[in-house]
Amino acid sequence: MNGGYGQFCPVSRALDVLGDRWTLLILRDLLHDVHHFNELARGLPRLSRGLLAKRLRHLEGHGLVRRSGSGIRVSYQVTQAGEELRPLIHELVRWGARWMLGPPTAEELDPVLLMWWMRRRVTRDRLPEARQVAQFDFDEAGDRSFWLVMDRSDVSVCFDPPPFDVDVFVEGSLVALYEVWTGAVGFEDVLGDGRLRLRALPWQERDFPTWFARSPGAALVAQARADHRGDALGHASD
């Protein structure tokens, strides 16, 4: 195998397929029910569309991904071989959260990316019957605002003011919302310490956190962080 590791070993063979930059992140998103090229591209904004297409062909050629449809309706699904990588992705989430996940750096704070991620995780069945518009104003984004327009049939991200009244204003720290999204802290924690603030009618302030599921790995992150804190306390008491 050209460019391989020159070792007859399952790990080296696996790395021949999975070891390229971006490949595991593409598989992460496919396993989290992102199936269309444009959605994959939005979730990986630093990956060029040309390289994304190349990586998908690579995964398809090795039997991890199956492509169906044509034109704008092309869909990508993991095969059985791809699905069997789910536990590996989960273990990477747990390990990364326990040992590597410190506070986000400025380079990692991308409000546009966070809006696209949150859009995918709106729990539409928990939305009220009337359309809801949320405006996000982050300290780190200066005067720029972002909007989610949400109803039970569709959710849109807007980067210009939508032609609707805003129902909920979310203001404060982008870092705090990232930490909520990943599962590192709870929504109630950042509202309680004032790092995020909601302005809305009382029932909207109460229900707003229930309109979103956090990242697919949030429960794993929360448990890993709790385990790490427990270990640290145990060592401190020795």
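The values are calculated or read from the model by the stated rules, or taken from the named source; none is laboratory data. On a predicted model such as this, the values are computed, not experimentally measured, just so you know. Methodologically, a virtual Cβ is constructed for each residue, glycine included, from the backbone with ideal geometry; neighbour enumeration extends over all protein chains shown.
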message = I'd like to check something: does segment 73-94 contain any residue that is within 19 Å of the chain's Cα centre (by Cα) and closer than 21 Å to D207 by Cα?
response = no
query = Filter segment 73-114 for residues that are touching a strand residue (DSSP E or B) at 6+ places or on another chain (Cβ under 6 Å) and among the polar types (S, T, N, Q); which is surrounded by the fewest Cβ atoms within 10 Å (Cβ to Cβ)?
reply = S75
key: Selection status of L101, in a loop (DSSP other than H, G, I, E, B) and out of contact with any Pro (no Cβ under 7 Å at 6 or more places or on another chain)   = yes
key: Selected residue (criterion: farthest from S215 (Cα to Cα)) from residues of segment 115-136 that are of a type in the set (D, E, K, R) and buried (at least 17 other Cβ atoms within 10 Å of the Cβ)   = R119
request  = Report, by residue number, each residue of segment 161-208 that is assigned to a strand (DSSP E or B), closer than 12 Å to A134 by Cα and not basic (K, R).
outcome  = V168, F169, V170, E171, L198
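Rundown of residues vs (1) free of Cβ contacts under 8 Å to residues at least 40 places away in the same chain; (2) under 17 Å from the mean Cα position of the chain (by Cα), yes/no style:
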{"residue": "R126", "(1), (2)": "no, no"}
{"residue": "M150", "(1), (2)": "no, no"}
{"residue": "V157", "(1), (2)": "no, yes"}
{"residue": "V175", "(1), (2)": "no, yes"}
{"residue": "L196", "(1), (2)": "yes, no"}
message = Suppose the filter is on the phi > 0 side of the Ramachandran plot, under 18 Å from the mean Cα position of the chain (by Cα) and not assigned by TED's automatic domain parsing to the domain that holds L114; does D33 pass it?
response = yes
task = Could you grab me the full set of residues in segment 61-71 that are free of Cβ contacts under 8 Å to residues at least 12 places away in the same chain and surrounded by 14 or more Cβ atoms within 10 Å (Cβ to Cβ)?
result = R67
ask   = Looking at (1) closer than 19 Å to W22 by Cα; (2) touching a helix residue (DSSP H, G or I) at 6+ places or on another chain (Cβ under 8 Å), can you tell me which one P111 breaks?
value = (1)
Test set (1) touching a helix residue (DSSP H, G or I) at 6+ places or on another chain (Cβ under 9 Å); (2) modelled with pLDDT of 95 or more - R57 fails condition number = (1)
query = Do we find that T210 is within 30 Å of R86 (Cα to Cα), exposed (fewer than 14 other Cβ atoms within 10 Å of the Cβ), touching a Lys or Arg at 6+ places or on another chain (Cβ under 9 Å) and of a type in the set (V, I, T) in this structure?
reply = yes
request  = Report those helices (runs of 4 or more DSSP H) wholly inside segment 1-87 carrying at least 2 residues which are over 26 Å from P111 (Cβ atoms).
outcome  = 10-18, 49-61, 80-83
